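Colleague: First, the structure itself, so that you have it in front of you.
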Amino acid sequence: MSQRSIRVCSQRLFASALLLLSVSTYAEESFDIGLAIQQNNRLVPDITYLTADNHESKLDVIGPRPGGAARPVLLYIHGGGWVGGSKDRMYLHFIPYLQMGMAVVNVGYRLGNVALAPAAVEDARCALRWVYTNAEAYGLDTSKIVVSGHSAGGHLSLTTGMLPADAGLDGRCPVRVPPADGAFPEMPVAAIVNWFGITDVGDLVRGPNAKTYAMAWMGAQTNWQEISDRVSPINYVHKDLPPILTIHGDADPIVPYAHATNLHKALKKKGVVESLHTIPGGGHGGFSLEQNIGTMNVIREFLTGQNVL
């Protein structure tokens, strides 16, 4: 199936999901939620935010119609081991966030078959810069940006929200007026919601928990250790980080649960506002409806506590 076909199907699924949401119970008032989401949002798909390696990295915006008040933002980055996945398959994931009154920026990025590590990290950073640059045009509140993603997207949400501008991974981001000294301004986010993301890349490239997807993303680069260190969230823990919520199943066979617990301990030691929500017996996603409902309640409580919602 072509990317265009996937995108069209995904957009139809998104519209269908809104209809299902509005008729999911027999209560007459249940129509209110679906119709409110439908009438109060617009979808602007496939905006090119970066061109690199002869590839256009695109994002979608689901947000207020023109003239609407600026909203908190979910900046979402899809998973797929940095070598697969697509933003166009994620629309259904956004319904609870739209219901909470957030706008969504849905990010695609260069996969490993286009560019090896650290390209995906660079792209996600550039997507955040795009939000800052274009916030007014799309009704996005830059003081309330929440970065989130699953698996490799969880890793990218952490690097997007944790890395400082001087980490050297923002250099390909297009800017209207390049800084005279070459220094990019910081882009603070309000919170990070990390769904079972990788926190120590080297561990999965050639460490005890090496995985083929991580090796494929790194390729045969001889400086793999240096790159792994540069893009590992565990190496950027300090006291001034934004609040971080991590969600992880303790039986995850793809991203070891230790990646979550090690980050949790490091953040706690530095006094960062953080929380680890463990799914008992949970694997690499695929959680039950009950587990997902519980997790979304945790997310809503966490974001409310950070004055995002």
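Colleague: By counting other Cβ atoms within 10 Å of each Cβ, how are 173, 126 ranked from fewest to most?
Modeller: 173, 126
Colleague: Can you sort 302, 31 from fewest to most other Cβ atoms within 10 Å of each residue's own Cβ?
Modeller: So the residues, fewest neighbours to most, are 31, 302.
Colleague: To continue, here is another question. Can you tell me how much longer the chain between residue 33 and residue 206 gets when fully stretched, taken as 0.36 nm per residue apart minus their C-alpha distance, in nm with one decimal?
Modeller: Fully extending the segment from residue 33 to residue 206 adds 57.5 nm.
Colleague: For segment 114-243, what percent of Cα pairs sit more than 21 Å apart?
Modeller: Counting pairs separated by more than 21 Å, the tail of P(r) holds 41 percent.
Colleague: Let me check I've understood the local charge: for residue 68, count other residues with C-beta under 14 angstrom from its C-beta, Lys and Arg +1, Asp and Glu -1. What total comes out?
Modeller: With Lys, Arg at +1 and Asp, Glu at -1, the neighbours total +1.
Colleague: If you project the alpha carbons of segment 150-309 onto the principal axes, what extent comes out on each, in Å, largest first?
Modeller: So the three principal-axis extents are 52, 41, 29 Å.
Colleague: Something else about it: Using a Förster distance of 35 Å, how high is the FRET efficiency between residue 86 and residue 275, based on the Cβ-Cβ distance and rounded to 0.05?
Modeller: Step by step, r from the Cβ atoms, then E = 0.75.
Colleague: For residue 265, list the lysines whose Cα falls under 29 Å from its own Cα; do not include residues on the same chain fewer than 8 positions away.
Modeller: Reachable lysines: 144, 211, 239.
Colleague: Check which residues have an amide H placed less than 5 Å from residue 194's amide H, if you skip close sequence neighbours.
Modeller: Under 5 Å from the amide H of residue 194 lie the amide H atoms of 245, 246, 247, each far enough along the sequence or on another chain.
Colleague: Which order results if 82, 195 are arranged by neighbouring Cβ count within 10 Å, fewest first?
Modeller: With the sparsest Cβ surroundings first, the list reads 195, 82.
Colleague: While we're here: Taking the chain as a Gaussian network, where each spring joins two C-alpha atoms under 10 Å apart, which residue of 53, 252, 200 fluctuates the most?
Modeller: Between 53, 252, 200, it is 53 that shows the largest mean-square fluctuation.
Colleague: Still on this structure: Which label marks the calculated value of mean projected area of the Cα convex hull in nm², given the options [x] 17.2; [y] 14.6; [z] 16.4?
Modeller: The value computed from this structure is option [z].
Colleague: Something else about it: Restricted to Cα positions, what overall size does segment 186-269 have along the principal axes? Three whole-Å values, descending.
Modeller: Principal extents (Cα only, largest first): 36, 34, 20 Å.
FYI, it's all coordinate maths here, none of it is from the lab. It should be emphasised that the depicted structure is a prediction, and the values quoted were computed from it without experimental measurement. Positions of Cβ are generated from backbone atoms using ideal geometry, with glycine treated the same way; all protein chains shown enter the neighbour counts.
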